[in-house]
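J.: Please see the structure below; I have some questions.
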Amino acid sequence: MKRITLALAFATLIPTVHAVEYTQVQADKSAVNFTYKQMGVAVDGKFRKFSSSLNFDPAKPANAKASFDVDLASVDTGAAEGDDEVAGKAWFNTKAFPAARFVSASIKALGGNRYEVAGKLTIKGHTQDLVIPATFAAQGNSGVFDGSFTIRRADFTIGEGSWAKFDIVANDVLIKFHIIAASK
Amino acid sequence: MKATVTTHYTATAKLLHWLMAALLFGLLALGFYMHDLPLSPDKLKLFSWHKWAGVSAFLLLGVRLLWRLTHRPPALPEAMPKVMRFAAHAGHLMLYLLMIAIPLSGWLMSSAKGFQTVYFGILPIPDLLDKNKELGDLLALVHKSLNLLFITVLAGHIGAALKHHFIDKDDILTRMAPRHSKENRA
Ligand code: HEM
């Protein structure tokens, strides 16, 4: 008898576990950072503003969706002069292209807490296919997503003219994200 | 009175003095010049060169201090009044302190601004400070102010050397000049 009630209790529990879908991205607790090399020296920066919409149920990753809009003018390079330069025409040209946009196409579970997010990243009018490795962990009512990937700035014509060569600012830029989303 | 009175600086002391003089004038000029440039790849390159040259000046100063502590410089002229002797020693002490403080402030500023110093792009010099914008700006002001003070003390240093040479007509300037020791050994 006891066994059966326990089993029943579990049976009723499981669907509620499955139903957890993380949708409310908490921008103030999330971060989008980047690292690049300047004359061989790693330099960090971040974006202060981004918005995102997310539907992620760990039980049904195939149905998950994610999209991101990063406000490129909110870039923080560590120096006001750098922020102005990077917002300018040669870099992001934020007047014409204010946001970088990532839209997921498919999300695959790799086992454990690891996932693979395939999608398209558009910056400055250039679109690239990306596959981004990410991890997920549930923390209380929130889901924590972490991951990083490398883009080549030249693929998006970020840094034109005198900046186009890679001797001062390297081509590779590592993007790191830490996203916290609450369940509904 | 001891009999070990030397009349000239050692060749090593002279070499270090003039090498650092050239390097420091270059650093001062480059520092002010690059600071006012609009951001460009060249500016970033000059910043790196300035940092490398600044670290080199600091290392040379270490050698120079070791030499100074193990080799007594020639005595000041007997005729020099007490106040002047004091001014000379105080001035030299200031120069040494500034030659220590300026590169240190530059290094700490770079760390606080989030740009690590990597000597010649090869040897990373650890960041003692974490990235902190306010602190970085403050240290930039400290670096600049120390440099302005340095220029003031240098003006006094050069002015004093010229006064010794042209007005007092003593050997203060020539005994630091490259060929002085040979002439005097005769
Ligand atoms: C004795 C050695 C040095 C001298 C005489 C020197 C001199 C100067 C001067 C005159 C400036 C211009 C200040 C201004 O206009 O704001 C400057 C700027 C600067 N120095 Fe140095 N410096 C020395 C060492 C260093 C070192 C060792 C570093 C770093 C490792 C460094 C990093 C910088 C940086 C990053 C700036 C630019 C500040 C800015 O524009 O915001 N300096 N330096």
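J.: Are there residues in region A:57-86 whose accessible area shrinks by at least 50 Å² when all protein chains are included rather than the chain by itself, and which are they (probe 1.4 Å, ligands and nucleic acids not counted)?
T.: Output list: A:Gly78, A:Glu81.
J.: For region A:19-183, what is the convex hull volume of the alpha-carbon atoms per residue, in Å³?
T.: Details: hull volume 18.1 nm³, N = 165.
That works out to 110 Å³ per residue.
J.: Here is a further query. What is the distance in Å between the Cα centroid of region A:108-184 and that of region B:137-153?
T.: 41
J.: Okay, next question. Could you give the accessible area per residue of region A:19-183, probe 1.4 Å, as a whole number in Å²?
T.: Numbers: 8060 Å² over 165 residues.
So region A:19-183 comes to 49 Å² accessible per residue, rounded to a whole number.
J.: If the cut-off is 26 Å between C-alpha atoms, which lysines fall inside it for B:Lys82, apart from same-chain ones fewer than 8 positions away?
T.: B:Lys2, B:Lys14, B:Lys163, B:Lys169
J.: Further, regarding this structure: Could you check the simple spin-label distance between A:Asn141 and B:Ala29, using points 7 Å along Cα→Cβ, in nm with one decimal?
T.: Roughly 6.6 nm, to one decimal.
J.: Could you report region B:28-186's accessible area per residue, 1.4 Å probe, as an integer in Å²? Please list the in-between numbers first.
T.: On the way: 9840 Å² over 159 residues.
On a per-residue basis, region B:28-186 sits at 62 Å².
J.: In whole percent, what relative contact order does region B:36-186 give with Cα contacts below 8 Å and a gap of six or more residues? It would help to have the intermediate numbers written out before the result.
T.: Numbers: 105 pairs, mean separation 29.9, N = 151.
Answer for region B:36-186 is 20 percent.
J.: To continue, here is another question. Can you tell me the FRET efficiency between B:Leu66 and A:Glu160 if r is taken as the Cβ-Cβ distance and R0 is 45 Å, rounded to the nearest 0.05? It would help to have the intermediate numbers written out before the result.
T.: Working: r = 50 Å, r/R0 = 1.11.
After rounding to 0.05, the efficiency reads 0.35.
J.: Heavy-atom accessible area of A:Thr157 with all protein chains present, probe 1.4 Å, nearest 10 Å²?
T.: About 50 Å², ignoring ligands and nucleic acids.
J.: Given 4 °C and 1.567 mPa s, compute D for region B:1-56 with the Stokes-Einstein relation, Rh being the Kirkwood radius over Cα pairs; round to the nearest whole µm²/s. Before the final figure, lay out each step's value.
T.: Working: Rh = 13.6 Å.
Estimated via Stokes-Einstein, D reaches 95 µm²/s.
J.: Report relative contact order for chain A in percent, whole number only (criteria: Cα-Cα under 8 Å, sequence separation at least 6). Can you show the working numbers first?
T.: Values: 396 pairs, mean separation 45.1, N = 184.
Computed value for chain A: 25 percent relative contact order.
J.: Among all the aspartates and glutamates, which ones have a C-alpha under 17 Å from A:Lys184's C-alpha, if same-chain residues fewer than 8 places away are not counted?
T.: The reachable aspartates and glutamates, counting only those whose Cα sits under 17 Å from A:Lys184, are A:Glu21, A:Asp57.
J.: Taking each pair of different alpha-carbon atoms in chain B once, compute 1/r for the pair, average those values, and report the inverse of that mean as the Kirkwood hydrodynamic radius in Å to one decimal.
T.: Details: mean 1/r = 0.0543 Å⁻¹.
With all distinct Cα pairs of chain B included, I get 18.4 Å.
J.: How large, in percent, is the carbon and sulfur part of the accessible surface of region A:19-183 at a probe radius of 1.4 Å? List each step's numbers first, then the result.
T.: On the way: 4270 of 8060 Å².
For region A:19-183, the apolar C and S fraction of the accessible surface comes to 53 percent.
J.: Give me the summed buried accessible area for the B-A pair, 1.4 Å probe, to the nearest 100 Å².
T.: Numbers: alone 12300 and 10750 Å², together 21650 Å².
Using a 1.4 Å probe, the pair buries roughly 1400 Å².
J.: Another question, then. Give the angle, between 0 and 90 degrees and rounded to the nearest 10, that separates the Cα long axis of helix B:11-35 from the longest principal axis of the Cα atoms of chain B.
T.: Result, in degrees: 40.
J.: Continuing with this model, one more query. From the C-alpha coordinates alone, can you work out the Kirkwood hydrodynamic radius of region A:32-108, in Å? The partial results should precede the final answer.
T.: Working: mean 1/r = 0.0706 Å⁻¹.
Taking the inverse mean of 1/r over all distinct Cα pairs, region A:32-108 comes out at 14.2 Å.
J.: Taking the protein assembly as shown, how much of its Cα-Cα pair set, in percent, is spaced more than 25 angstrom apart? It would help to have the intermediate numbers written out before the result.
T.: Details: 45515 of 68265 pairs.
Above the 25 Å cut-off, the protein assembly as shown has 67 percent of its Cα pairs.
The values are calculated or read from the model by the stated rules, or taken from the named source; none is laboratory data. All values derive from a computational prediction rather than experimental measurement. Note that we place each Cβ from the backbone using ideal geometry, even for glycine, and neighbour counts take in every protein chain shown. The area values use the complete protein model at the heavy-atom level, side chains included, leaving out ligands, DNA and RNA. Shrake-Rupley method; radii C 1.70, N 1.55, O 1.52, S 1.80 Å.
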